[in-house]
1. Taking the Cα centre of segment 8-49 as origin and charging only Cβ (+1 Lys, Arg; -1 Asp, Glu), how large is the dipole, in debye to the nearest 20?
2. I need the Debye-formula profile for segment 8-49: one equal scatterer per C-alpha, no solvent, reported as log10 I(q)/I(0) at q = 0.16, 0.18, 0.23 1/Å, two decimals.
3. Would you mind checking which residues have amide H under 5 Å from ASP23's amide H? H placed 1.01 Å from N; only 5 or more apart, or other chain.
Amino acid sequence: MGASAPAGRSRGGFTTKLHLSADGRCRPLSLVVTPGQRADRTQLEPVLEKIRVPQPGPGRPRKKPDNLAADKAR
C-alpha cells in the first residue's frame, strides 16, 4: 500500500472501510474508502457529495437523491 492509500491499523493488520451509496436497483452511485478506525457517521456527507447521475442530453448531472435510507450509524 502506498502512502496515499487509506489504511487503518488493528491487531489483525491493515483495515479499510467502504462507504457506498446505491440507487433503488442496487447500482453504485458513489464510493468513499477510509481507514478502518474512521467513524461511519462522519462519512455520510462525503458519500452524498460524490453522487453524480448523468442526465440524458445536455445539462448538469444530478447530485441530490429523491429519497435516502441509511443504517443506524448514519
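1. With Lys and Arg at +1 and Asp and Glu at -1, about 260 debye.
2. -0.46, -0.55, -0.75
3. The answer is LEU29.
Read the figures in this text as sums done on the coordinates, not as results from a lab. These numbers come from a predicted model, not from an experiment. Neighbour counts run over all protein chains shown; Cβ positions are idealised from the backbone, glycine included.
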